[in-house]
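Undergrad: Let me give you the structure first, and then I'll get to my questions.
The values are calculated or read from the model by the stated rules, or taken from the named source; none is laboratory data. What you see is a predicted model, and the numbers here were worked out from it, not measured in a lab. We place every Cβ from the backbone using ideal geometry, glycine too, and count neighbours over all the protein chains shown.
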Amino acid sequence: MNKYDQIDIEIQWQRLIAIMDEIDNATVKSSFSTIVGESRDFACILVDSQGRSLCQSSFSPPNFCVILPRTVKKVLEEIGVDNISEGDVLVTNDPWVGTGHLPDHVIMTPIFYKRKIVAFIGTVAHLSDVGGHNGDIEAEDVFTEGIRIPPSKLYNRYSENEELFNIINTNCRVPDLVLGDLRAIYGTHILGISRFKDFLNDYNLVNIEILSNAILDLSDNHMKRKIKELKNGTYDYNLAIDGYIEKLYLKVSININDSKIYIDYSGSSKQVENVAINCVYNTTYASSIYPFKCALASNIPNNEGLFKRIDVKVPLGCVLNTKFPSPVQARAKVTNNINQLLFGALTDVFKEFSQAGSGSIWPFSFSGTTKKHGKFSTHMLPHGGRGAMSVLDGLNPIAFPHNSTVTPIEIMETKAPIMIVEKKLIPDSCGAGKYRGGLGQSIIIRNIGNETIKARLRPDKIFCAPQGLNKGQNGKVGVVKHNQKVLTKFPIFDFKPSDIIDLKLPGGGGHGDPLKRSRKLIDDDFNKGYCTKKYIIKNYK
Amino acid sequence: MLDPVSLEIIWQRLISISDEMDNSTIRTSFSTIVGESHDFGCVLMDEVGNGLSQAKWSPPQFCTMLPRTARIILEKYKYQKINDGDVFITNDPWIGSTHLPDFNVISPVFYKKKVVAYVGTVAHVSDVGGHLGDLEASDMFMEGLRVMPNKFYEKGKINGIIEEFIASNCRVPDLVLGDLKAIVGTHKIAQKKIIELLSDYKLNNLKEVSNRIRNLSTEYLQKQISKLPKKVTEYSLKCDGYLEEFELKLKMFIKNNNLIFDFTGSSKQQWHSAINAAYAISYSTLVYPVKCMLASKIPNNDGLIVPIKMVAPEGSIVNCTFPAPVKARAKVIKHIPPLVFGAFEKILPDQVISAAGGIFPIHFVGKNDDLKHFAVHMLPHGGLGAMKNSDGKYPSAYPHNSIVTPSEIIESKCPVKVVSKEIIVDSCGAGKFRGGPGQKIVFKNIGKNTITLTIRPDMIKYPASGLSGGSDGINGSVILNKKKIYDFKPIEWKSGEEVSLIVPSGGGYGDPKYRSEKDIINDLINGIYNVETVNKIYKKKYRKKDIERMKINNISSVLNNETTI
């Protein structure tokens, strides 16, 4: 079959997505760790033989789909396409090659069909441990943060690369979880390969070049049309963000010129020393694409065709394009704000698709060794409220712009000696507006064991509130208390028996003039207990 | 059978082969810690991994540990073929030399297609990634990359995975891989020389040589042990530790001509400080003083360790379990020799040495003004302990190896100025024989950038103890911007700031009242003591101006002597 009609494309495209979804499900079912199995901090992506991303599983976070093509191209360049055989699996966690911090392992498996590489299946997964210090935000350099695996073969013709497995096994604290997840992912790729071959057989294809070009062209054409509809011009915006101890300033200048968009971050703060919040180019690039994808092509499944027309320029040495070997572990503290910066700049251009600032994600983990639980390391990724849009209230705590679901209380409590005393929405924490932001949440956790365990927390927006747009109010800033004491620095700390940690995650920013909020919505907020009378009187008169 | 003369010649030749490895290591190494501080050891082993000889410069601990490491590796490769050109490598603390920076590199020597020997080097490499801290760690994973026993080279070809893995996980890959490859080069020299030796003597292997060397050594040591009084002796020491003090307890007794050292009752391993010693380093540090007392003239080899046994409960600070943090284990093991001497004081008083002032490792990491990375070590020492018939030496390495990186090297490799480096007056532990004085070193950051400074001092709380009535040495301290500091996390050392190290002195031996007039006067002339101090400690009544006159006379007599020559 050489010619594709619309229906063929749609069916085959959806089938590819379904294959990725199957891999995604298999990953959840066969993984060993909470961060993969419960928090879903991973993505499954299909990349064509030229390294262009074609589709991803529906649950996957969008940024990895943007990054993976860059990683695949770089890895192929390092290892050499000629050195790759059927049954090989490639891996790296190098932040500058992959997704910007060491825990994210990129696992890539070439699919061979009739002795030729026809595609790659890629999984990006945040694994439980990579050795290194126990801290998070405070680090001298990337070497402090753990083991770096340069682009290597994880499997050699279907057999494990023993040396590499050994290295990983002997350099992380929970090798059962890490190797378990890696092997599980390998299994899902084998499954994916067989599904992909079925697919080729069903349609009598020897490769997917034509399909791939069709998907990418369709997407690109759509983007071209959408960008042309936008008003040409240069849009600047500045944003202060929490940083760590010292605030940082992000600066953007967006130039929309006919069918291309140029984003330039010149003038943003320099990379920071001894603080692990620096972003590599890959993550900045991906985070910059996402708002455009949401605003301009929300119905089209992610693929590389959607982001060819967006050019991202960041000076080397800036916090958004950090140099090797600066520390990068907690780069989400910066990248999470990029959408806010772009939406701020393009509120008028994006119209109803612009979104106020969201309450951010507060990665949080406990680790230690206790009699009852053995050696454990458990993550939770709670979120704040989402920012409002010009036609919609922000959702209550939900991941944005990140992926990841929340580890259920029951899982946390069975894996670590803790009790979640409280987990509830915080009334009045939303930014008021014609549409208000989502509410923040309160989580209170107590150590109910007899042993001191380690706690690690990375809050955000405890200084700079999620911003409102178009006269919408800012959301409420977050607060962290450890035994009643407010914390502002976040090295890893001892969580002693009976200690209590109290997290107040920020609410989202509002959109539009609060005075224009409809009576019905205000009553609704009051009846549901989202807002108190005092708040309503103050903000909505 | 080899006659004694040939055996001695072959033995000496084995030692000189190790020496040649040692020399070539210095000449070809890339880093200051290997090239200048001499923190490495070269050992030659027989075909099953028994230690036969070591380079004269090699620290004795490495030579007890390395053959053990080799035997563990050989056990692992029992069912796999070992080829000419293979090189094994590991830095696992429980298999190797008990902290991550020490890389063990071991190569087989083939002769007539059979393995006849192994040559090995332990070297402290410049960086293994991990945190820049030293003492504060909660497990070994924070301390850097761990390479389990692997082939670093296979049939002469480098193992790309290990090479890349090391390169990607340390801050100064040029130095680390440079040193490791240099070591592999020195092994080639040793291999060649061993083959020459075998063909010179028409030997097919080293089996007989190995058995004779080791058996002779064991027999000699056992004979010495049999002469000792059969007493059970005990000794204990309280030590600084880092966040928490610890205590070492030792019970020593003789059984069937074996010396048994029992550490039961010593403190438990600590999970908040990286001072834990794994078995191999504790044992090898224990062996050395015993060897010095009972078999000082016999070159180190594995025969000498046979009659020395150690009992140490698992999980104690001298036999810590995986994955306890271990980087700064020297904080614990440096107290083992004084502990052993303390136990021997009652049965062999003439051979013991008082405690020494130890070692204050200091490490500068940062960027030059032109933003190039540097990582420079210095290992300054305190004064040594006194003995039955001699004063403790001036600052020098003990019980460690390592020489001091010269000021010139430090100043040329990083923007640090060594402002002063002097002996501390009045610092020695008094005694019939006094301890060696401590030293004071002042460094200044003369670059534009902040330098990360890691210092690992000791004996800030508990000084080096004297023996047989001798006094303790002075306590050590670290002074940053005129303030004493007690927290030794990595220090952000700003441009223009100064840091001073007071490295402690050694303990004295014997009651000070028996110190001879001549020795005291000599100390005064040499400026070891001030007059007031001498009068107080040694109960004398010297006058300052008399001493001044003596100093002048001394100088003029020296000058006169010179002119007569």
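Undergrad: Can you run down the residue pairs with Cβ atoms below 9 Å, 6 or more apart or on separate chains, where the first is in the stretch A:211-227 and among the charged types (D, E, K, R) and the partner is part of a helix (DSSP H, G or I) and surrounded by 19 or more Cβ atoms within 10 Å (Cβ to Cβ)?
TA: Qualifying pairs under 9 Å: A:ASP217/A:GLY305; A:ASP220/A:GLU304; A:ASP220/A:GLY305; A:ASP220/A:LEU306; A:LYS226/A:PHE292; A:LYS226/A:ALA295; A:LYS226/A:LEU296.
Undergrad: Where residues in the stretch A:517-541 are part of a loop (DSSP other than H, G, I, E, B) and over 33 Å from the mean Cα position of the chain (by Cα), which of them is nearest to A:ILE445 (Cα to Cα)?
TA: Top of the filtered list is A:THR532.
Undergrad: So for the stretch B:115-123 (the condition being surrounded by fewer than 21 Cβ atoms within 10 Å (Cβ to Cβ), more than 14 Å from chain A (Cβ to nearest Cβ), modelled with pLDDT under 95 and more than 30 Å from B:THR454 (Cβ to Cβ)), does at least one residue qualify?
TA: No: zero hits.
Undergrad: Sticking with this structure for a sec: Can you find a residue that is touching a Lys or Arg at 6+ places or on another chain (Cβ under 9 Å), within 14 Å of chain A (Cβ to nearest Cβ) and under 28 Å from B:ALA397 (Cα atoms) anywhere in the stretch B:76-86?
TA: No: zero hits.
Undergrad: Now for a different question. Looking at the stretch B:382-439, which of its residues are β-branched (Val, Ile, Thr) and in contact with a Cys (Cβ under 6 Å, 6 or more places away or on another chain)?
TA: Result: no residue meets the conditions.
Undergrad: Follow-up question, since we're still on this one. Can you name every residue in the stretch B:136-146 that is surrounded by 24 or more Cβ atoms within 10 Å (Cβ to Cβ), facing chain A (nearest Cβ under 7 Å) and either out of contact with any Gly (no Cβ under 8 Å at 6 or more places or on another chain) or part of a loop (DSSP other than H, G, I, E, B) (or both)?
TA: Of everything in the stretch B:136-146, those that are surrounded by 24 or more Cβ atoms within 10 Å (Cβ to Cβ), facing chain A (nearest Cβ under 7 Å) and either out of contact with any Gly (no Cβ under 8 Å at 6 or more places or on another chain) or part of a loop (DSSP other than H, G, I, E, B) (or both) turn out to be B:LEU145, B:ARG146.
Undergrad: Just the residues that are under 12 Å from B:CYS428 (Cβ atoms) and surrounded by 17 or more Cβ atoms within 10 Å (Cβ to Cβ), please, taken from the stretch B:522-536.
TA: Within the stretch B:522-536, B:ASP523, B:ILE528, B:TYR529, B:THR533, B:VAL534 qualify.
Undergrad: What are the residues in the stretch A:14-31 that are crowded, with 19+ Cβ neighbours inside 10 Å and either without any contact (Cβ under 8 Å) to a residue 40 or more places away in the chain or not β-branched (Val, Ile, Thr) (or both), if any?
TA: Those that are crowded, with 19+ Cβ neighbours inside 10 Å and either without any contact (Cβ under 8 Å) to a residue 40 or more places away in the chain or not β-branched (Val, Ile, Thr) (or both): A:LEU16, A:MET20, A:ASP24, A:ALA26, A:SER31.
Undergrad: Within the stretch B:454-467, can you find the residues that are assigned to a strand (DSSP E or B) and either within 20 Å of the chain's Cα centre (by Cα) or within 12 Å of B:VAL478 (Cα to Cα) (or both)?
TA: B:THR454, B:ILE455
Undergrad: Only one of A:ILE277, A:ILE300, A:ILE241 is crowded, with 22+ Cβ neighbours inside 10 Å and in a loop (DSSP other than H, G, I, E, B); which?
TA: Among A:ILE277, A:ILE300, A:ILE241, only A:ILE277 is crowded, with 22+ Cβ neighbours inside 10 Å and in a loop (DSSP other than H, G, I, E, B).
Undergrad: Can you tell me which residues in the stretch A:168-197 are surrounded by fewer than 20 Cβ atoms within 10 Å (Cβ to Cβ) and among the aliphatic types (A, V, I, L, M)?
TA: A:VAL174, A:LEU179, A:ILE190, A:LEU191
Undergrad: Mind checking which residues of the stretch A:126-138 are more than 8 Å from chain B (Cβ to nearest Cβ), at pLDDT 90 or above and either surrounded by fewer than 23 Cβ atoms within 10 Å (Cβ to Cβ) or in a loop (DSSP other than H, G, I, E, B) (or both)?
TA: The answer is A:LEU127, A:VAL130.
Undergrad: Kindly indicate the residue of the stretch B:279-307 that is hydroxyl-bearing (Ser, Thr, Tyr) and either touching a strand residue (DSSP E or B) at 6+ places or on another chain (Cβ under 8 Å) or assigned to a loop (DSSP other than H, G, I, E, B) (or both) and also surrounded by the fewest Cβ atoms within 10 Å (Cβ to Cβ) among those meeting that condition.
TA: That would be B:SER296.
Undergrad: Any chance the stretch A:418-427 includes a residue that's buried (at least 22 other Cβ atoms within 10 Å of the Cβ) and not hydrophobic (A, V, I, L, M, F, W, C)?
TA: no
Undergrad: Is the stretch B:147-154 home to any residue that is in contact with a strand residue (DSSP E or B) (Cβ under 7 Å, 6 or more places away or on another chain) and in a helix (DSSP H, G or I)?
TA: Scanning the stretch B:147-154 turns up no residue that is in contact with a strand residue (DSSP E or B) (Cβ under 7 Å, 6 or more places away or on another chain) and in a helix (DSSP H, G or I).
Undergrad: Of all the strands (runs of 3 or more DSSP E) wholly in the stretch A:456-516, which have at least 2 residues that are farther than 19 Å from A:LYS424 by Cβ and not aliphatic (A, V, I, L, M)?
TA: Strands (runs of 3 or more DSSP E) meeting the threshold: A:493-495.
Undergrad: Could you please find all residues in the stretch A:323-349 being over 23 Å from A:ASN255 (Cα atoms) and under 19 Å from the mean Cα position of the chain (by Cα)?
TA: A:PRO327, A:VAL328, A:GLN329, A:ALA330, A:ARG331, A:ALA332, A:LYS333
Undergrad: Quick check on my filter: what residues within the stretch A:2-60 are on the phi > 0 side of the Ramachandran plot and at pLDDT below 90?
TA: A:ARG40, the sole residue that qualifies.
Undergrad: Another one. What are the pairs, 6+ residues apart or on separate chains, where a residue within the stretch B:371-388 that is more than 14 Å from B:THR454 (Cβ to Cβ) has its Cβ under 7 Å from a residue that is in a loop (DSSP other than H, G, I, E, B) and β-branched (Val, Ile, Thr)?
TA: Listed pairs, sorted by first residue: B:HIS373/B:VAL172.
Undergrad: Kindly indicate which of A:ILE193, A:ILE185, A:ILE215, A:ILE168 is in a helix (DSSP H, G or I), touching a Leu at 6+ places or on another chain (Cβ under 7 Å), among the hydrophobic types (A, V, I, L, M, F, W, C) and more than 14 Å from chain B (Cβ to nearest Cβ).
TA: None of the other options fit; the residue is A:ILE215.
Undergrad: Let me ask another. All but one of (1) touching a residue at least 12 places away in the same chain (Cβ under 8 Å); (2) more than 21 Å from A:ASN282 (Cα to Cα) hold for A:PRO62, so report the exception by its number.
TA: (2)
Undergrad: Examine the stretch B:176-192 for a residue that is loosely packed, with under 14 Cβ neighbours inside 10 Å, basic (Lys, Arg) and outside any loop (DSSP other than H, G, I, E, B), and state whether such a residue exists.
TA: The answer is yes, given that some residue of the stretch B:176-192 is loosely packed, with under 14 Cβ neighbours inside 10 Å, basic (Lys, Arg) and outside any loop (DSSP other than H, G, I, E, B).
Undergrad: Mind listing whichever residues of the stretch B:147-187 are among the basic types (Lys, Arg) and either in contact (Cβ under 8 Å) with a residue 40 or more places away in the chain or within 11 Å of chain A (Cβ to nearest Cβ) (or both)?
TA: B:LYS151, B:LYS155, B:LYS157, B:ARG171
Undergrad: Quick one: B:GLY130 ticks every box in (1) within 14 Å of chain A (Cβ to nearest Cβ); (2) within 21 Å of B:PRO299 (Cβ to Cβ) bar one, so which box is it?
TA: The single condition B:GLY130 does not satisfy is (2).
Undergrad: Tell me the residue from B:LYS227, B:LYS231, B:LYS202 that is farther than 19 Å from B:GLU8 by Cβ, without any contact (Cβ under 8 Å) to a residue 24 or more places away in the chain and exposed (fewer than 13 other Cβ atoms within 10 Å of the Cβ), please.
TA: Of B:LYS227, B:LYS231, B:LYS202, the one residue that is farther than 19 Å from B:GLU8 by Cβ, without any contact (Cβ under 8 Å) to a residue 24 or more places away in the chain and exposed (fewer than 13 other Cβ atoms within 10 Å of the Cβ) is B:LYS227.
Undergrad: Kindly establish whether B:ALA278 is touching an Asp or Glu at 6+ places or on another chain (Cβ under 9 Å), among the aliphatic types (A, V, I, L, M) and touching a residue at least 24 places away in the same chain (Cβ under 8 Å).
TA: No: the conditions fail for B:ALA278.
Undergrad: Also, quick follow-up: Go through (1) crowded, with 20+ Cβ neighbours inside 10 Å; (2) assigned to a helix (DSSP H, G or I); (3) touching a helix residue (DSSP H, G or I) at 6+ places or on another chain (Cβ under 9 Å) and name the single condition B:ASN276 misses.
TA: So the condition that B:ASN276 fails would be (2).
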